[in-house]
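The values are calculated or read from the model by the stated rules, or taken from the named source; none is laboratory data. All values derive from a computational prediction rather than experimental measurement. No Cβ is skipped: glycine too gets one built from the backbone with ideal geometry, and neighbour counts run over all protein chains shown. Accessible surface is based on the protein model in full, side chains and every heavy atom, while ligands, DNA and RNA are left aside. Shrake-Rupley method; radii C 1.70, N 1.55, O 1.52, S 1.80 Å.
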Amino acid sequence: MDQSLTEEERTRRLADAEAAYEAEVERNLPRNYVANLAHGLLGQTGFRLVNAPTFVPAYIYLLSGSEFAVGLALAAQWFGASASSIFGATLIEHRKRVLPMGLLIGWGMRAGVLGLALGGFFLPDNLALITAIGFLCLFGLFNGMQAVIFNTLMAKVIPLRLRGRLTGFRNFSAGLTAAGVSYLGGKYFVEGHALGNGYATTFLAAFVLTSLGLSLLMLVREPEPPTIRARGSLGGRLREIPAMLRADPALALFYVAAAMAALGTMAVPFYILFAGERIGLSGTNLGILSTAFLLAQTCANLGWGTLADRIGNRIVFMSAVGLWAVSITALLFTNDLWGLALVFAGLGAGQGGFMNSNQNIIVEFGARDDLPMRIAVLNTATSLMQALGPILGGVIAHGASFKALFGLAIAVLATSVVTMFFVDEPRKRRKLL
């Protein structure tokens, strides 16, 4: 902005630029809403086949026969995400448009899914296991960056008043299709050994769906904000994080609550193995439990999104994490297929609400220019816990028992809920988003 202008003139011009920016957002809202919904429908459908606590853990266990290897594989994915999130913020926070970088990173993420499928098709089990861990790490690396970029993009093109319902309905529609694909994947791909390897075929389907979704994101019309941060180095931005946390104690406390909830994922890869001890792990059972998990996650997201828009994401966070803990408790006492399906439904609804609120609430904590870094710090903290969790879970499951592991996960989730009680509702701040 011209330095020769008076402070009053600069303020007026900035206000006019902000008004023009908001008008452009509203003008393109119908197109961008549909594009984000379509991208989420196909992308979330595919990625849920990879991230659901069923197919990947069962596949890694089939290749290795080791609970520790299951934990190591899942840890590799989340270590990758934790290592790249802040770097992803530095890639975009100085750019007026972030979509081109998002598309580039998105294709890298999908390469990890394709590699997971191709390793299953063409490599012997020992090499398939090694490459699966490598490709899960690659998937996580790009996922860490993509999460920052795409959440920043959504915050730019979708107003706060509609964001909860959009993510809720997007996850609802994606969950319906993912539930159907999961059932087909378990019943016909895995049990029927489709194309010679049912797990690899499932991951190939995930690659195709996510690729179609990313292509549709090119329909988004992204506005250029009036102000952006100056370009900074990765080291310089890292040194600014402590000051950011000291300046906003509620934000720092939220990061603690989110990290504790993410650590609760230590038990996630072992839900399906525990269920397998009770009822066996046939393709049909795998499909039914995957469908229950994803279908409940789907339906609950409509309610979570509406609740978030009307009251706030804080109450969604606490309710969802609480439901997650209660469902793990129920898992310990359930021995039949349909009872386990109900438990997996509770797990899906709880984890879905946590993920929905976790990513939406961070937008409300401060100004637009700092949003990429706030998202990056959140993703780094939660991804690091999700990386350490499966390793810890694998050690406990192998050295002690599933029951000991689930008991620790319940305690960690309860701590997250209690911590969140001391975080004020950030939506009341009414800062510029």
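When residues in the range 350-364 are screened for being open to solvent by less than 10 Å² (accessible area, probe 1.4 Å) and either aliphatic (A, V, I, L, M) or in contact with a Cys (Cβ under 6 Å, 6 or more places away or on another chain) (or both), 3 of them pass. Annotation: of all residues in the range 78-104 being part of a helix (DSSP H, G or I) and open to solvent by less than 10 Å² (accessible area, probe 1.4 Å), the one that is nearest to Leu212 (Cα to Cα) is Gly102.
So, Gly134, is that one out of contact with any helix residue (DSSP H, G or I) (no Cβ under 7 Å at 6 or more places or on another chain) and of a type outside the set (A, V, I, L, M, F, W, C) or not? It would help to see each step written out before you state the result.
Working: out of contact with any helix residue (DSSP H, G or I) (no Cβ under 7 Å at 6 or more places or on another chain): yes; of a type outside the set (A, V, I, L, M, F, W, C): yes.
When the stated conditions are applied, Gly134 passes them.
On the given criteria, is Gly305 on the phi > 0 side of the Ramachandran plot, touching a residue at least 60 places away in the same chain (Cβ under 8 Å) and either of a type in the set (S, T, N, Q) or out of contact with any strand residue (DSSP E or B) (no Cβ under 6 Å at 6 or more places or on another chain) (or both)? It is false that Gly305 is on the phi > 0 side of the Ramachandran plot, touching a residue at least 60 places away in the same chain (Cβ under 8 Å) and either of a type in the set (S, T, N, Q) or out of contact with any strand residue (DSSP E or B) (no Cβ under 6 Å at 6 or more places or on another chain) (or both). Considering only the range 48-67, how many residues are open to solvent by 20 Å² or more (accessible area, probe 1.4 Å) and modelled with pLDDT of 80 or more? Residues that pass the stated criteria total 6.
For the range 264-284, the criterion of a residue being part of a helix (DSSP H, G or I), without any contact (Cβ under 8 Å) to a residue 60 or more places away in the chain and surrounded by fewer than 16 Cβ atoms within 10 Å (Cβ to Cβ) is satisfied by no position.
Against the test of being over 19 Å from the mean Cα position of the chain (by Cα), under 23 Å from Leu162 (Cα atoms), modelled with pLDDT under 85 and of a type outside the set (A, V, I, L, M, F, W, C), the options Pro372, Pro426 yield a single qualifying residue, Pro426. Exactly one residue out of Gly40, Gly140 is at pLDDT 85 or above, part of a helix (DSSP H, G or I) and open to solvent by less than 10 Å² (accessible area, probe 1.4 Å): that is Gly140.
Considering only the range 115-137, state which residues are open to solvent by 50 Å² or more (accessible area, probe 1.4 Å) and within 21 Å of Leu209 (Cβ to Cβ).
First, the residues of the range 115-137 that are open to solvent by 50 Å² or more (accessible area, probe 1.4 Å): 118, 121-127, 130, 135.
Selection gives Leu118, Phe121, Phe135.
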